[in-house]
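Worksheet: the structure to be examined is printed underneath.
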Amino acid sequence: MPRLLDVSDDVRAEIGDDEADRLLAGDNAPGGYDCTSCRTPGDSEQERTSTVLFVGDETAVLAFAHAACLPSQVVQVAEDQLQGAVRSMTGAPDEGAGAAPEAAPAQAVLGVTSGLVLIAGELHPALVVEPTGPISRPGAESGGDDFLPLLIEQGFMPLTELTEAPRALPGWSVLLAMGQLHAVLQPGTGGPSAQVAWWQAHQPLLVTEGWRAAANKTHTVLVFAAPVGSVGRQPREDLLRDALDKAAANGRLVAAAMPLAGT
């Protein structure tokens, strides 16, 4: 349905008439969002909402704000502040794939699945990350799989059962833009505010309305990771939970809670 969006001439010039018209028609615009200014929830179906386009040297990110907080505008931002945000990844192996941290010279490919996971009676928005093959430590000659040890060294928590949500991992976050999944960000080398993409979608990945609503409610996403062959791409969320339980019981699951960035 149409959204109560304000799209300024400057924003329209940057994104093009077709995309602007799709936004106004509600095709690519979220209903609920977190205001990019005050960070409180907004609803573009119920209240005036501004489109705000953050533009770096090579990267652009479209965000939303209460019209009372910000007018629709283009905001120039240093490119390093947009690292890990929406950008083209020419040559990425497939949709939903990216390079693993500290991967071996042959670039590992990560598959990402989204779903709602029930823990202690509460539904949590979750991402499950599983490589398509073993990931060796840099310089290792054994050809073994060091995916979990590498993640544990970065602060992920080993799980033996899913009885409580994992702890937060400082400096990491999950990036949504326009209601689609774009990246999992990790700390960069430029200080606490600098982040780089750990995983990034070749093309934005769709998530369900229920997943997005839960993420916007809790502002937190649980990220589970398992070695190749441990979880798989399950067609239903109950099967996904069963696979996670089995991976945890076998000592093949790590997890972390990450704040939601974007809308």
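Considering each of 251, 229 in turn, give the residue that is more than 18 Å from residue 111 (Cβ to Cβ) and small (Gly, Ala, Ser).
Selected residue: 251, the only one of 251, 229 that is more than 18 Å from residue 111 (Cβ to Cβ) and small (Gly, Ala, Ser).
Considering (1) at pLDDT 90 or above; (2) surrounded by 17 or more Cβ atoms within 10 Å (Cβ to Cβ), say which one residue 251 fails and leave the rest.
Answer for residue 251: the failing condition is (2).
Among the candidates 174, 231, which residue alone is among the β-branched types (Val, Ile, Thr) and in contact with a helix residue (DSSP H, G or I) (Cβ under 6 Å, 6 or more places away or on another chain)? Don't jump to the end; show me each part of the working.
Working: 174 fails: in contact with a helix residue (DSSP H, G or I) (Cβ under 6 Å, 6 or more places away or on another chain).
Result: 231 is the single residue among 174, 231 that is among the β-branched types (Val, Ile, Thr) and in contact with a helix residue (DSSP H, G or I) (Cβ under 6 Å, 6 or more places away or on another chain).
Among the listed residues 239, 260, 222, which satisfies the condition of being part of a helix (DSSP H, G or I) and among the hydrophobic types (A, V, I, L, M, F, W, C)?
After applying the criteria, what remains is 239.
Identify, please: which residue in segment 215-236 is in contact with a strand residue (DSSP E or B) (Cβ under 7 Å, 6 or more places away or on another chain) and of a type in the set (Gly, Ala, Ser) and is, among those, farthest from residue 60 (Cα to Cα)?
Restricting to residues being in contact with a strand residue (DSSP E or B) (Cβ under 7 Å, 6 or more places away or on another chain) and of a type in the set (Gly, Ala, Ser), the top hit is 230.
Could you please find all residues in segment 198-213 being small (Gly, Ala, Ser) and crowded, with 21+ Cβ neighbours inside 10 Å?
201
Quick check: anything in segment 207-214 in contact with a strand residue (DSSP E or B) (Cβ under 6 Å, 6 or more places away or on another chain) and more than 30 Å from residue 23 (Cα to Cα)?
For segment 207-214, residues in contact with a strand residue (DSSP E or B) (Cβ under 6 Å, 6 or more places away or on another chain) and more than 30 Å from residue 23 (Cα to Cα): absent.
Going by the structure shown, is residue 234 part of a loop (DSSP other than H, G, I, E, B) and not hydrophobic (A, V, I, L, M, F, W, C)? Show your work before the answer.
Values: part of a loop (DSSP other than H, G, I, E, B): yes; not hydrophobic (A, V, I, L, M, F, W, C): yes.
For residue 234, the condition - part of a loop (DSSP other than H, G, I, E, B) and not hydrophobic (A, V, I, L, M, F, W, C) - is met.
The values are calculated or read from the model by the stated rules, or taken from the named source; none is laboratory data. Just so you know, these numbers come straight off a predicted model, no measurement behind them. Counting neighbours? That spans all protein chains shown, and the Cβs are built from the backbone with ideal geometry, glycine included.
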